[in-house]
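Notes follow once the structure below has been shown.
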Amino acid sequence: MRRDGGLDHPLFTSSTSAVPESRDVPRHVAVIMDGNGRWARQRHLPRVAGHRRGVESVRGIVRACIERGVSYLTLFAFSSENWRRPDDEVTILMDLFLRALEQEVAKLHENGIRFRVAGDLGRFDRRIRELITEGEALTAGNSTLTLTVAANYGGRWDIAQAARRYFAAHPEACRDGSAFTPEAIEPYLAMAYAPEPDLFIRTGGEQRVSNFLLWQLAYTELYFTPMLWPDFDADAFDTAIAWYRERERRFGRTSEQVAAALGA
């Protein structure tokens, strides 16, 4: 979904429609960066120290993705439910987001990284919205890595807004629902420009997806680690990729069919 309301026509087929190509390195990695607050608490530091240290981990994972040939990286920075946090923490997170937009986007551009934000931006301050729009425009032609920051994002919101926009564009479907298929609404999803994630990583020990990319994670390999996000580095990322390589990705097929396809 583009900022102008137009569509990012999908370049990739859904995993429920066709079997994706098998790869040793995931093409798309999605991450829930959990554990900043606990990292700070363990060190008797304010929570903001954990969030600041988490930004350093973001820089490291971006570098690691480029070096290992990952094409898409999506980071869950702020969920639609995170507004429930204490007001002072939300204020700190918004300030960190603003500073990151001001200081990091130009560096992303210098390194050939395309920057996108997925989520309902209407609740953010005007300056944040402006910087997002400017950053996306500046980096639109880059191809080294597509870095998506999910901000005020929720998987249920994404599906609902896609369906709403689909019916607005196709009012006849309200009368005849036969055309309302998964493939029909995929162009309206917030991340229609990216393939579905191959590997999902959640740090911090929790084992749930927390309303993140509910549509897109249908056949994603889910990797959970107790490591807190500020401690997650290139070695930890390599451990996750090694785990991913051991997975047998069947996409509804039998093991024998997978083996035959690999040997073809």
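Mind ranking 30-38, 150-158 by how tightly packed they are, going by the mean number of other C-beta atoms within 10 angstrom, highest first?
Averaged packing, sorted descending, gives the order 30-38, 150-158.
Restricting to DSSP H runs of at least four residues, report the calculated mean residue ellipticity at 222 nm for the chain, -39500 (n - 2.57) per run over all residues, nearest 500 deg cm²/dmol.
-13000 deg cm²/dmol
Taking the stretch 51-151, which GluC sites (Glu not before Pro) meet the DSSP loop condition and have no more than 13 other C-beta atoms within 10 Å?
Working: sites: Glu56, Glu67, Glu81, Glu89, Glu102, Glu104, Glu110, Glu130, Glu134, Glu136; in loops: Glu81.
Sparse-neighbourhood loop GluC sites (Glu not before Pro): Glu81.
Calculate what fraction, in whole %, of the accessible area of the stretch 108-179 sits on carbon and sulfur atoms when a 1.4 Å probe is rolled over the protein chains.
After summing per-atom areas, the C and S share lands at 49 percent.
Sort 114-123, 186-195 by packing, meaning the average of other beta carbons within 10 Å per residue, with the highest value first. Walk me through the numbers before you get to the answer.
Values: 114-123: 19.0, 186-195: 22.4.
So the peptides 114-123, 186-195, ranked by packing, come out 186-195, 114-123.
Among Arg52, Arg126, Arg27, determine the one that fluctuates most according to a GNM of the chain built with springs between C-alpha atoms less than 10 Å apart.
Arg126
Under the definition of Cα pairs under 8 Å and six or more residues apart, what whole-number percent is the relative contact order of the chain?
Working: 396 pairs, mean separation 77.2, N = 264.
Contact order relative to length: 29 percent.
Roughly what would the spin-label model give for Asp120 and Asp238, points 7 Å off Cα along C-beta, in nm?
4.2 nm
Which of the three applies to the stretch 109-264, rounded, prolate or oblate, going by the alpha-carbon gyration tensor with a ≥ b ≥ c and a/c under 1.5 meaning rounded?
Oblate.
Would you mind working out the accessible area per residue for the chain, using a 1.4 Å probe, and quoting it in Å²? Provide the component values of the computation, followed by the final result.
Details: 13360 Å² over 264 residues.
Ligands and nucleic acids excluded, the figure is 51 Å² per residue.
Just report the Cα centroid separation between the stretch 44-122 and the stretch 208-230, whole Å.
Comparing the Cα centres of the stretch 44-122 and the stretch 208-230, I get a distance of 17 Å.
The values are calculated or read from the model by the stated rules, or taken from the named source; none is laboratory data. Just so it is clear, the model here is predicted, and its values are computed rather than measured. Note: ideal-geometry Cβ built from the backbone for every residue, glycine included; neighbour counts use all protein chains shown. When the accessible area is computed, the model is the full protein with side chains, heavy atoms only, and any ligands, DNA or RNA have been set aside. Shrake-Rupley method; radii C 1.70, N 1.55, O 1.52, S 1.80 Å.
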